1. Residue by residue through region 38-53, what is 3J(HN,Hα) from phi via Karplus (6.51 cos²θ - 1.76 cosθ + 1.60, θ = phi - 60°)? Round to whole Hz and write x for glycine and proline.
2. Mind listing the phi-derived Karplus ³J(HN,Hα) values for region 19-30, rounded to whole Hz, using 6.51, -1.76 and 1.60 with θ = phi - 60°, and x for any glycine or proline?
3. Relative to the present Cα-Cα distance, how much length would full extension add between ALA26 and PHE53 at 0.36 nm per residue of separation?
4. Which order do ARG27, ARG48, ARG32 take by accessible area at a 1.4 Å probe, largest first?
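The values are calculated or read from the model by the stated rules, or taken from the named source; none is laboratory data. Just so we're clear, the structure is a prediction, and the values are computed from it rather than from any experiment. Remember, those area values only see protein heavy atoms, side chains included, never the ligands or the DNA or RNA. Shrake-Rupley method; radii C 1.70, N 1.55, O 1.52, S 1.80 Å.
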Amino acid sequence: MFLLLLLLSVVLLLAVGGCACVVRAARGGPSRTRAVARTTLVADELVRSSSRFSRSSRSCRSGRSGRSNGRSGADDDPDDSSDR
């Protein structure tokens, strides 16, 4: 239990530190800050793409489109007040 808490704390500190570097690099920080910011953004893209891939492969296997109401979304009428 302690090891898991320690691991999650380290991951949280790395994520917060990476976000701080992204903000500082956007304001023109030193080169090492820009390097950490770039690494953080690349890690973000990798995590997002892996989660998209796992969601799409799950929905393809189950035969569902991912929508809970069964509608495709293409015929959504913004003036249709029946959803409210």
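1. 4, 4, 4, 5, 5, 4, 4, 5, 5, 5, 5, 5, 5, 6, 5, 5
2. 5, 5, 5, 5, 5, 5, 5, 5, 8, x, x, x
3. Numbers: separation 27, 0.36 × 27 = 9.72 nm, distance 2.94 nm.
Result for the pair: 6.8 nm of gain on full extension.
4. Largest accessible area first, the list is ARG27, ARG32, ARG48.
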